[in-house]
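Asks: Here it is, the structure, as structure tokens.
The values are calculated or read from the model by the stated rules, or taken from the named source; none is laboratory data. Note that the structure is predicted; figures quoted are calculated from it, not measured. Quick reminder, even Gly has a Cβ in these numbers, built from the backbone with ideal geometry, and neighbours come from all protein chains shown.
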Amino acid sequence: MKKKRVLTPEQIEHRRKYNRERQRRLYAENREAILEKRRERKQSKEYAREYWRKNRKRLLEKRRKHRREHPEYYHARDTAMAAVTKAITDGKLKRSSKCEECGRKMCVEAHHYKGYAKEHRLDVQWLCKSCHRIADAKEGYSK
Ligand SMILES: [Zn+2]
């Protein structure tokens, strides 16, 4: 068994300094790999779920605030969404069975790529949830 050594304050300080420098050097050497790992982790579903769980209250409040501050935007969006639902019920519009962007066969959403103006309410592109989010972000509709 290793005998426990009692360190002098100077030795402790020296060790701390050594460890700090070692950490810094390791980080500098592996910076890209560390950052890449962090990016990967942040894109995972588990991370998103955990983030939502931890920040639920704040995120919901943020969403409500955005709704309060942009009533005309949400009104236009809700109206456009209702128009699409009605057009599908009436048989004027047909929901695609796959995403028009990535081609995956899955549940798709109507993307109003021309905006929510009255004349463009039925101008939709059928996109999966993730392609829809990307398209909205590109066009600058932040939620
Ligand atoms: Zn897609």
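Asks: Considering only residues that are of a type outside the set (D, E, K, R) and exposed (fewer than 11 other Cβ atoms within 10 Å of the Cβ), which ones fall in region 50-69?
Replies: Matches in region 50-69: none.
Asks: For residue 109, state whether it is part of a loop (DSSP other than H, G, I, E, B), within 16 Å of the ligand (Cβ to nearest atom) and touching a residue at least 12 places away in the same chain (Cβ under 8 Å).
Replies: Working: part of a loop (DSSP other than H, G, I, E, B): no; within 16 Å of the ligand (Cβ to nearest atom): yes; touching a residue at least 12 places away in the same chain (Cβ under 8 Å): yes.
Taking the combined requirement at face value, the residue does not satisfy it.
Asks: Working only within region 1-49, note down all residues that are β-branched (Val, Ile, Thr) and either surrounded by fewer than 10 Cβ atoms within 10 Å (Cβ to Cβ) or more than 35 Å from the chain's Cα centre (by Cα) (or both).
Replies: Scanning region 1-49 gives 6, 8, 12.
Asks: Just checking, which of 103, 91, 140 is within 12 Å of the ligand (Cβ to nearest atom) and at positive phi?
Replies: Answer to the selection: 103.
Asks: Also: Residues being in a helix (DSSP H, G or I) and under 18 Å from residue 132 (Cα atoms): count how many of those fall in region 84-96.
Replies: Final tally of qualifying residues: 2.
Asks: Still on this structure, I have one more. Of everything in region 113-131, what is more than 16 Å from the ligand (Cβ to nearest atom) and either within 20 Å of residue 70 (Cβ to Cβ) or not hydrophobic (A, V, I, L, M, F, W, C) (or both)? Give them in sequence order.
Replies: Of everything in region 113-131, those that are more than 16 Å from the ligand (Cβ to nearest atom) and either within 20 Å of residue 70 (Cβ to Cβ) or not hydrophobic (A, V, I, L, M, F, W, C) (or both) turn out to be 114, 115, 116, 117, 118, 119, 120, 121, 123.
Asks: Any residue that is surrounded by 13 or more Cβ atoms within 10 Å (Cβ to Cβ), under 22 Å from residue 63 (Cα atoms), at pLDDT 95 or above and not polar (S, T, N, Q) - is there at least one of those in region 78-85?
Replies: Scanning region 78-85, I find at least one residue that is surrounded by 13 or more Cβ atoms within 10 Å (Cβ to Cβ), under 22 Å from residue 63 (Cα atoms), at pLDDT 95 or above and not polar (S, T, N, Q), so the answer is yes.
Listed here are the residues, each with its yes/no results for (1) of a type in the set (D, E, K, R); (2) within 30 Å of residue 116 (Cα to Cα); (3) not in a helix (DSSP H, G or I).
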{"site": "38", "(1), (2), (3)": "yes, no, no"}
{"site": "48", "(1), (2), (3)": "no, yes, no"}
{"site": "51", "(1), (2), (3)": "no, no, no"}
{"site": "61", "(1), (2), (3)": "yes, yes, no"}
{"site": "74", "(1), (2), (3)": "no, yes, no"}
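Asks: Still on this structure, please answer the following. Within region 66-83, does at least one residue satisfy the condition of being in the same structural domain as residue 128 (by TED's automatic domain parsing) and at positive phi?
Replies: So in region 66-83, the residues in the same structural domain as residue 128 (by TED's automatic domain parsing) come out as 66-83.
Now narrow it down to the ones that are at positive phi: none.
No, the conditions are met nowhere in region 66-83.
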